[in-house]
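Contents: one structure, followed by commentary.
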Amino acid sequence: MIFSSFGAYRDSGFTPKVMIMGSGPAGITVAMKLDAAGIPVVIFEAGSDDWTEESQDFYKGSTVGDPYFDLDITRLRYFGGSSNHWAGWCRVMDKHDFAAKPWVPDTGWPIGREDIDPYLGEVHDILDLEDFRPDLPISGQIRWVQLIKSPAVRFGEKFRGQIETSTNVALVLNTYVTELAGDGRKVTSAKVWSEGREQGTVTADFYVPCTGGLENSRLLLWSNERSNGGVVPHAAALGRYWMEHPQFEGGNVILTRYDEFEVDAVHEAFFSPSPEAMAERRIMNLGIRLIEAPYDYGKQIIADLACVAPDMAEWAAGMMGLNLRCAAKLYVGWEQAPLATNRVTLSLLDRDHANVPRAELHWKKSEQERRTLLEGLRLFGETFAEIDFGRVRIADWILNGEDYPADQELAGHHHMGGTRMGDDVEKSVVDRNCKVHGMDNLYVGGSSVFATSGQCNPTTTLVALAARLGDQLSKVAA
Amino acid sequence: MFEEYIREPVKTPAIERRVSRRHVMQSLLGVSAAAILTKYIPTETRNGLVEINGWILKRSDLA
């Protein structure tokens, strides 16, 4: 069932057991699992079934610290959520991404990759994925890793038909849950704003915010403030340990043995360090994206190489003469150290049209990340030289410790953390089952539960976690 | 006591040495050249590799 207004939904008399906020990848995945189990569920989607300027306005906010995207640009507020603009790049976080890195504080998850593995079959169906090819080590330190560039499923388009015909799922558009009320043990109701005004409260047995990696923190911070701590009783970590995948051009490479790995249809290949190499260099995970470069770019970097290694440059120039692919740019995206100071807060000055404080994002990259970037590129360059795959040049701004360039990608629009998973209530918000510590009926879906982020795009992992959450909710709500 | 000291400072040989404009220019040029050359001084990394001006190379590449 799909209702275009809260009034129509209210008149239907539908009685949900589970209330989900948000119709992005996490919300729809949880709802589909509950549908399959025959459990009545309502999804409140704040936006409509298409992009509108009015809806996006609710996502405006401010950032403090390093340059970041405008908060109303980096996510989407309508049916399907941010799946409406994602690129479709898929990879599941590795087993070692769930493990703590003893050289970086507050890393690691309370669950392992084996906890989400049983759901990866479903994830392939949901995201229309082919099978992943195995990663191939090219040395003890670097692996050529596989990443699927999928058709980028738009969840609103893909699941509309199933939701329309379902008798268990009610999707209610244009309905904004502005706050949850709680008594410190349970959420007791949700306040709804629709058609330009407050519409009263609604209830269910279980509540699952799936509003995104920024908005989950904002909703729970505001709810907790309004209920005097009754929604997130252990709130020390609420909004904190927020993470992104910073992305910058890190250098270039002349390829000498370019048949040892394949590039994809757009001439890209991806590499990551082994867990042993990360431990040895005391760095976080990173992904190096090698993009074959056009002929003119190759000539420029060979000219630079000629200043330091003339023979090598002469050989490379000869290969260029044969018009072979032999130069590439290197982009690096990396895993941030989880820091309590990187956080979402509520604006003290600015509120949205429903009178909810806007989000304020405090985000700054750390020295650990400088180290990850530089040492990660060195690791890659050393491997390529040792096995004669090529010669790497690290960009000047990284070598010289200059400011991050302001004219590059900045980050991946990957919003993670804020309601992170953990066993320690002082440093996490949800437990290993995605249930808010101390609350009986409040769960969180989406990448806001990530404890650390790995180096890969988050959607595949967050959908697997959502499928797992849906499975668990199906049992407790049955 | 301090006033006395100020009026008659102990003159070291360095203070007495006359610094010519030529000396200053030579020093400045020397620093500048060193800064440029530093970029091209190979830094040993691991397993016989060197890092020079950001390039990670085999020592044999420098032949």
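Okay, here's what the table says:
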item: Strands (runs of 3 or more DSSP E) completely within segment A:161-218 that count 3 or more residues being modelled with pLDDT of 95 or more, within 26 Å of A:LEU76 (Cβ to Cβ) and among the β-branched types (Val, Ile, Thr); result: A:175-182
item: Residue list for segment A:346-376, filter: over 30 Å from A:GLU198 (Cα atoms), away from every other protein chain (no Cβ under 14 Å) and of a type in the set (Gly, Ala, Ser); result: A:SER366
item: Members of segment A:362-376 found to be farther than 19 Å from A:TRP103 by Cα and hydrophobic (A, V, I, L, M, F, W, C), listed by number; result: A:TRP363
item: Cβ pairs under 6 Å, 6+ apart, first in segment A:459-470 and farther than 18 Å from A:ARG154 by Cβ and in contact (Cβ under 8 Å) with a residue 40 or more places away in the chain, second part of a helix (DSSP H, G or I) and among the aromatic types (Phe, Trp, Tyr); result: A:ALA464/A:TYR119; A:ALA467/A:TYR119; A:ARG468/A:TYR119
item: Given (1) among the aliphatic types (A, V, I, L, M); (2) away from chain B (no Cβ under 14 Å); (3) surrounded by 24 or more Cβ atoms within 10 Å (Cβ to Cβ), index of the condition A:LEU379 fails; result: (2)
item: Scan of segment A:68-82 for residues that are assigned to a loop (DSSP other than H, G, I, E, B) and on the phi > 0 side of the Ramachandran plot, ordered by number; result: A:GLY80
item: Matching option when the condition is more than 16 Å from the chain's Cα centre (by Cα), within 30 Å of A:ALA354 (Cα to Cα) and exposed (fewer than 14 other Cβ atoms within 10 Å of the Cβ), among A:ASP57, A:ASP125; result: A:ASP57
item: Subset of segment A:329-355 (residues that are in a loop (DSSP other than H, G, I, E, B) and closer than 24 Å to A:PHE450 by Cβ); result: A:GLU335, A:GLN336, A:ALA337, A:PRO338, A:LEU339, A:ALA340, A:THR341, A:ASN342
item: Enumeration of residues in segment A:356-394 that are assigned to a strand (DSSP E or B), among the charged types (D, E, K, R) and more than 30 Å from A:LYS60 (Cβ to Cβ); result: A:ARG391, A:ARG393
item: Identity of the residue in segment A:219-267, crowded, with 17+ Cβ neighbours inside 10 Å and modelled with pLDDT under 95, that ends up farthest from the chain's Cα centre (by Cα); result: A:THR256
item: Pair list, Cβ < 6 Å and 6+ apart or interchain, from segment A:39-65 residues that are outside any helix (DSSP H, G or I) to residues that are among the β-branched types (Val, Ile, Thr) and modelled with pLDDT of 95 or more; result: A:VAL41/A:VAL18; A:VAL41/A:VAL169; A:ILE43/A:ILE20; A:PHE44/A:VAL172; A:PHE44/A:THR175; A:PHE44/A:VAL177
item: Hits in segment A:382-394 (condition: among the hydrophobic types (A, V, I, L, M, F, W, C) and either more than 14 Å from chain B (Cβ to nearest Cβ) or surrounded by fewer than 18 Cβ atoms within 10 Å (Cβ to Cβ) (or both)); result: A:ILE387
item: Top-ranked residue of segment A:395-424 - restricted to ones that are touching a helix residue (DSSP H, G or I) at 6+ places or on another chain (Cβ under 9 Å) and in a helix (DSSP H, G or I), ranked as farthest from the other protein chains (Cβ to nearest Cβ); result: A:ILE398
item: Any hit, segment A:107-114, residues being within 19 Å of A:ASN457 (Cα to Cα), modelled with pLDDT of 95 or more and touching a Leu at 6+ places or on another chain (Cβ under 6 Å); result: no
item: Helices (runs of 4 or more DSSP H) completely within segment A:225-322 that count 1 or more residues being of a type in the set (D, E, K, R), farther than 30 Å from A:LEU339 by Cα and in contact (Cβ under 8 Å) with a residue 40 or more places away in the chain; result: A:295-306
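Let's see how each residue does on (1) modelled with pLDDT of 95 or more; (2) over 20 Å from the mean Cα position of the chain (by Cα):
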| position | (1), (2) |
| --- | --- |
| A:ASN323 | no, yes |
| A:ALA328 | no, yes |
| A:GLY333 | yes, no |
| A:ASN342 | yes, no |
| A:VAL356 | yes, yes |
| A:TRP363 | yes, no |
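Per-residue answers, yes or no, for (1) hydroxyl-bearing (Ser, Thr, Tyr); (2) farther than 30 Å from A:TRP51 by Cβ:
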position	(1), (2)
A:ASP135	no, yes
A:SER139	yes, yes
A:LYS149	no, no
A:ILE163	no, no
A:THR178	yes, no
A:THR203	yes, yes
A:GLY212	no, no
A:SER217	yes, no
A:SER227	yes, yes
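Conditions (1) on the phi < 0 side of the Ramachandran plot; (2) more than 21 Å from the chain's Cα centre (by Cα); (3) surrounded by 13 or more Cβ atoms within 10 Å (Cβ to Cβ); (4) not polar (S, T, N, Q), marked per residue:
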| residue | (1), (2), (3), (4) |
| --- | --- |
| A:ASP135 | yes, yes, yes, yes |
| A:GLN141 | yes, yes, yes, no |
| A:GLN162 | yes, yes, yes, no |
| A:THR165 | yes, yes, no, no |
| A:LEU171 | yes, yes, yes, yes |
| A:THR175 | yes, yes, yes, no |
| A:LYS191 | yes, yes, yes, yes |
| A:ARG197 | yes, yes, no, yes |
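The values are calculated or read from the model by the stated rules, or taken from the named source; none is laboratory data. Values in this document were obtained by computation on a predicted structure and should not be read as measured data. Positions of Cβ are generated from backbone atoms using ideal geometry, with glycine treated the same way; all protein chains shown enter the neighbour counts.
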